[in-house]
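Colleague: Attaching a single structure in structure tokens format; questions to follow.
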Amino acid sequence: MADLPPSASGRIRPGRLCDAHDGPITVFVIGMRINRLTRPDKWLPVARAMPGMLKELGQRPDLGMIGHELMLAPFRTLITLQYWRDFEALHAYAHASEGEHLPAWRAFNRASKGNDAVGIFHETYVVEPGAHESIYVAMPPFGLGKAAGLRKATGRRNAARERLGAA
């Protein structure tokens, strides 16, 4: 069965679909929380740093990020859900002196001393082949399905337990 290609289109895809990714994947969740709305001088530079990094990563697929989603969570929290080829690529990007990340990280560390106006977090999940599953029903491409492509959730991909064993 042919996979549907990755797409950034907001068009709703009919039917039951799942992601077309079969290998390992690293999921990186990174975000910021605005703790003091009255201090945009402290949180706005942090918020402005992520778009530059995402642009760089989008223009350079060789760096290892295969896709991302931006989300606004309750209580003044911005989240970027990222999908990476592997942890080594994510780690290399985080420490690359010529990229967008390291200067932004250093600037945040300098600015955050004694500053609780903005908080940041990240979580990293290294997922082995066959240890993830997804389902999308009447959705535009989203998450891993948007990053890696979609396929129909039929046959061995009909139910969660089957999708987990399908790889």
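Colleague: Take the range 1-28 and flag every residue that is small (Gly, Ala, Ser) and either at pLDDT 90 or above or surrounded by 14 or more Cβ atoms within 10 Å (Cβ to Cβ) (or both).
Modeller: Here is the first cut: in the range 1-28, the residues small (Gly, Ala, Ser) are 2, 7-10, 15, 20, 23.
Those that are small (Gly, Ala, Ser) and either at pLDDT 90 or above or surrounded by 14 or more Cβ atoms within 10 Å (Cβ to Cβ) (or both): Ser7, Gly15, Ala20, Gly23.
Colleague: Then there's this: Residue pairs, Cβ under 7 Å, 6 or more apart or interchain, first in the range 52-79 and modelled with pLDDT of 95 or more, second acidic (Asp, Glu) and surrounded by fewer than 17 Cβ atoms within 10 Å (Cβ to Cβ). List them.
Modeller: So the pair list comes out as Gly64/Asp86.
Colleague: Oh, and also: Does Leu81 fit the bill of being assigned by TED's automatic domain parsing to the domain that holds Ala138 and closer than 22 Å to Glu133 by Cβ? Break it down into steps so the answer makes sense when it comes.
Modeller: Details: assigned by TED's automatic domain parsing to the domain that holds Ala138: no; closer than 22 Å to Glu133 by Cβ: yes.
Considered against the rule, which asks whether it is assigned by TED's automatic domain parsing to the domain that holds Ala138 and closer than 22 Å to Glu133 by Cβ, Leu81 comes out as no.
The values are calculated or read from the model by the stated rules, or taken from the named source; none is laboratory data. This is a predicted model, so every value here is computed, not measured. As a convention, Cβ positions derive from the backbone with ideal geometry for all residues, glycine included, and neighbour counts pool all protein chains shown.
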